[in-house]
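Enquirer: Here it is: the structure, laid out below.
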Amino acid sequence: MHPLVYSQIEKQRQQLKSPYCIISIPLLIETAKVTLVDRVLVIDCSEKIQIARVKQRDKLDDKQIHAMIASQVSRAKRQALADDIIENSKTTLQLEAQVEKLHYLYLLLSKT
């Protein structure tokens, strides 16, 4: 399935007219596809918050959630590989401010 997904991503990327694009690839690091992108943006929160959000969203029990987290690259590794990190454990206003700051950075980088 991954080759088809990546092929479609590349087709759409070639058709873009915007200065930059953000591709959401949940398993980017796990599938070793980091070379497909210029920068890696990680949306991060503590494991405690992650567990609470998954529990609320998916109605899974702790055992299922911990198994899911264990199958992913560690938070520390994601952070180490990131060029940019958005901390998603604060208020919506703080989140918006981080997104806006990165937007202007990406616009600036797209001109170079």
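Please treat every number below as a calculation from the coordinates, not as lab data. As the structure is a prediction and not an experimental result, all values here were calculated from the model. No Cβ is skipped: glycine too gets one built from the backbone with ideal geometry, and neighbour counts run over all protein chains shown.
Enquirer: For the chain, report the translational diffusion coefficient in µm²/s to the nearest whole number, using Stokes-Einstein at 4 °C, 1.567 mPa s, and a Kirkwood Rh over Cα pairs. Show your work: numbers first, answer last.
Expert: Working: Rh = 16.1 Å.
D = 81 µm²/s.
Enquirer: If I model a spin label as a point 7 Å beyond the Cα along the Cα-Cβ vector, how far apart are those points for ILE23 and MET68 in nm?
Expert: Distance between label points: 2.5 nm.
Enquirer: Determine the alpha carbon to alpha carbon distance for each of LYS33/LYS63; LYS63/LYS90; LYS48/LYS90 and list only those over 23 Å.
Expert: LYS33/LYS63; LYS63/LYS90
Enquirer: Full-extension gain between ILE86 and GLN8, please, as 0.36 nm times their residue separation minus the C-alpha to C-alpha distance.
Expert: 25.4 nm
Enquirer: Starting at the first residue of the stretch 35-45, write each ³J(HN,Hα) from the Karplus equation 6.51 cos²θ - 1.76 cosθ + 1.60 with θ = phi - 60°, in whole Hz, x for Gly and Pro.
Expert: My calculation for the stretch 35-45 gives 5, 6, 10, 7, 9, 10, 10, 10, 9, 10, 7 Hz in order.
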